[in-house]
Every structure is written in C-alpha cells, then in structure tokens.
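Peer 1: To start, I am sharing the structure in question, which I have written as structure tokens.
The values are calculated or read from the model by the stated rules, or taken from the named source; none is laboratory data. A quick note: this is a predicted structure, and the numbers were derived from the prediction, not measured. For neighbour counting, all protein chains shown are included, and Cβ atoms are generated from backbone atoms with ideal geometry for every residue, glycine included.
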Amino acid sequence: MPSLRKPWHSMAKALILGCLFTGFLLLFYAYVAPLQVSMAEPPDESSCSPPAPPLNSSPGGPCRPKTDIVFMKTHKTASSTLLNILFRFGQKHRLKFAFPSGYNDFNYPSFFKRSLVHNYQPGDCFNIICNHMRFRYPEVRGLVAPDAAFITVLRDPARLFESSFHYFGTVVPFTWRLTGRDKLAKFLQDPGRYYNPRGFNAHYLRNLLFFDLGYDSGLDPRSPQVAEHIREVEQRFHLVMLQEYFDESLVLLKELLCWELEDIVYFKLNARRASAVPRLSGELYRRATAWNQLDALLYRHFNASFWRKVEAFGRERMAREVASLRRENERMRSICIDGGRAVAAEAIQEASMQPWQPLGTKTILGYNLKKRISRRHQQLCRKMLTPEIQYLIDLGVNLWVVRLLKLPWSAE
C-alpha cells in the first residue's frame, strides 16, 4: 500500500497546482483585457457616420464631383469670393451646409465647437463647412465624411496685415491712440508701444493666419512648435491656396474636387477702393513681415508647396486652364455687370447688392446688375454678385445678432 500512495499523492499535488495556475491565468486575463480595451481610443459616438458612398468612378473612368468640403475661411484673403463659389455649388447640388446661428461666423475668435452649428444633433453629417471660425480640427473632423476635402487660403503676411489694419483698426481699441495721417506707418515704427497681445481684438493685428488656423499667434518664431504646426497644416489640408495666385488656385481646386469650369467662375467680392489701399514701401513691407514672422514662415512653406503642385499639374496646362477661366469670367462680366466694373457703395442702386462696410467708412466696392439679363443667366448673375451677408440670409441663415448689433466688420 505505501508504494501506491506516493504516485496518487504526486498526482493530486500536480492537479491542485494546475488548477491554481489556471485560475491565476484567468484572473490575470480578466484584469489585463479590460485594461487593453481602455487604452484604445474610444469611438466618438457623436461623430459624423455617413453611409458608405458609391465608388467615384471605375478605374480609368471619369471622376465624380466631390461634395464634402471644409473651407477654413481665413480673413482678408479673397475668402468671400471663394465663399460665393461654395454657396453656389452647394445650392446647385442641394448640399447640407453647417451654418452658425445668429452670426455669420462660429463665435469667432473663440475656438470652433460643433455645438455652435445651428440645430446640431450628435451624429449629424454635413457636406460643406465654410464660415469664419478659429479652427479646431477634431471638432470639424467629426462633422464631415472621412474623405472630405480640407482647403484654405493664405496671403502675403505683410499685405494681409496692411489690409487687416485698415479694415479692423476701428474695432481694436489700442490703435485709437495712434494719431496722424498714416497710422499704419506709425504703428510699424514701434509696434510694442501700441500693441497689447491681451487687448480686445488684438488677434487681428499680428499673425492673423496662425491665429485663424487655431495656433498661438504669440509663439516665439524660433520655437520648434512653429515647424510642428506648419507640418500639421500640411497633413490636414488637401489644398492651401494663395490669394496672389487666385486663378491658379481655383484651377487646382477644380482638379482636386473634379468640378467643371462653370463651378469656379467668379467676380471679386469685398474688394477695397483703390484710393483706400496705400501700398507698403520697401522698409514698411519689411517691418510688416517681421512683425508677422509666424505667418511669414507659414506662407513661405506653402508658397513653395503650391508651386510644386503647379509643376505636377503642368505649367502649360495650367496656363491654358487659367486663360479659359479668365475668358469665362469676362464673358459673365459682360452679361451680368452694369458698366462692367465694381463701383463705390454710394453708387450701388439695389440695397440687396450693398456689401457690408468697415465701421465708420465706405471703402468696400460692390456691383450693379444689368437691367436686362437673359432668363438663362438672371439667377446666376444675381448669385455671383450677392454679398456674403445677403447670400447667407438667402440660404436661410438667421443673422439676428449681426442685424441687431450691426456688425459690419463681421462681413470679412
């Protein structure tokens, strides 16, 4: 009997140890599995979840027009002109716009939040987002389809500063201390004397592009964050257009979105009267660029990448496409515009064609519609010439705050 007890004793011991080890593994797994799940990025149930779209085309076949677009509307960069193009395209294709409520912007200069979209409900999807905002990518990303095109426009920072200074100066209180005929020149002689980064509306007068795109406009230009932010813009935006090469930019946009020439015809909106645009001298231009160094670094990067896109598109092909666009613009000008050119505000006959003006001045030009326009072109002509505020109202946006407070500077 003793000889039989030892094997049974060993087997029982091994069984008990095996059960304990298995129990330990089960407990360990029960602890680790939830931990691994919690470390993963939780799904955002409030994000846009559109149905799977049909394939754009068969291999080698024609593409389909892209209808999901985020336009990060920067200030004083011909953005109102591009906005008109998007409004017309959206109407034509009955697309769903994400519009603000009460204002013509998304509570700018505060950061964008999806809750600012009129009648927003978690999970809502939109085709086009295009009103002024201070950009916040995760919030915008959650409102559009995964393959939405992100676009924006930049402008030479010195020229943008000049335009912004004259357009917004009256609503930036610390500039009221400036005296003399050329306040801009006086400001640039000693910006630190007149500029308070924490002052009301101060963002309009330094590195406005950087600010609009959601970054700190007071960063040290030598900070590594600056290059990181520029790389981030490059990763997020499919096309960064340049105001100085607007026609070339529109051709690239047409290519990106698979649009037709008729979709990008335009008249220049919100242009200033020539006499109200003093040109910066060489020294003042240098000072304005240095004062907006973050924007200068941003612009320099995307100026280079823009021309790489043009080279890839083909220089000769680009020249042909630009010529076609300009011919079509001129044709529409002869059809739509009385006198064929923009006129001062006091010469605009129809109230619905009056652009909003900077506070205390009337420097923004507008247009008169021809009295006789063929039925075929009547609607298109009116849409192309309608200023931003009036077009938003036509699209059903309730601008009660803008109307109540009469905020003319909100129009750009």
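Peer 1: Among the listed residues ARG206, ARG198, which satisfies the condition of being in contact (Cβ under 8 Å) with a residue 40 or more places away in the chain, surrounded by fewer than 22 Cβ atoms within 10 Å (Cβ to Cβ) and farther than 16 Å from PHE150 by Cβ?
Peer 2: Criteria check complete, one pass: ARG206.
Peer 1: Residues that are within 26 Å of the chain's Cα centre (by Cα), part of a helix (DSSP H, G or I) and modelled with pLDDT of 95 or more: does the range 262-276 have at least one?
Peer 2: Going through the range 262-276, the residues within 26 Å of the chain's Cα centre (by Cα) turn out to be 262-273.
In the following step, the residues that additionally are part of a helix (DSSP H, G or I) were identified as 262-263.
Next, only the ones that are modelled with pLDDT of 95 or more stay: 262-263.
Checked the range 262-276: at least one residue is within 26 Å of the chain's Cα centre (by Cα), part of a helix (DSSP H, G or I) and modelled with pLDDT of 95 or more.
Peer 1: Count, please, the residues in the range 164-188 that happen to be of a type in the set (D, E, K, R) and buried (at least 19 other Cβ atoms within 10 Å of the Cβ).
Peer 2: 0
Peer 1: Name the residues in the range 304-337 that are without any contact (Cβ under 8 Å) to a residue 24 or more places away in the chain and among the hydroxyl-bearing types (Ser, Thr, Tyr), would you?
Peer 2: SER334
Peer 1: Can you find, within the range 349-387, the residue that is modelled with the highest pLDDT among those that are hydrophobic (A, V, I, L, M, F, W, C) and assigned to a loop (DSSP other than H, G, I, E, B)?
Peer 2: The selected residue is ILE373.
Peer 1: Go through (1) over 24 Å from the mean Cα position of the chain (by Cα); (2) within 23 Å of PRO100 (Cβ to Cβ) one by one and return the number of the condition ILE389 breaks.
Peer 2: (1)
Peer 1: Go through the range 290-331 and give me each residue that's charged (D, E, K, R) and closer than 15 Å to ASP247 by Cα.
Peer 2: LYS309, ARG315, GLU316, ARG317, ARG320, GLU321, ARG326, ARG327, GLU328, GLU330, listed by residue number.
Peer 1: What are the residues in the range 122-144 that are surrounded by 18 or more Cβ atoms within 10 Å (Cβ to Cβ) and part of a loop (DSSP other than H, G, I, E, B), if any?
Peer 2: PHE126, ASN127, CYS130, ASN131, MET133, PHE135, LEU143, VAL144
Peer 1: With the condition kept exactly as written, say whether any residue in the range 156-169 is in a helix (DSSP H, G or I), of a type in the set (Gly, Ala, Ser) and out of contact with any His (no Cβ under 9 Å at 6 or more places or on another chain).
Peer 2: yes
Peer 1: Now, a different point. Consider THR179 against the criteria (1) in a loop (DSSP other than H, G, I, E, B); (2) within 30 Å of SER49 (Cα to Cα): it satisfies all of them except one. Which criterion is unmet?
Peer 2: (2)
Peer 1: Suppose we filter GLU244, GLU228 for residues that are in contact (Cβ under 8 Å) with a residue 60 or more places away in the chain and not aliphatic (A, V, I, L, M); which single one remains?
Peer 2: GLU244
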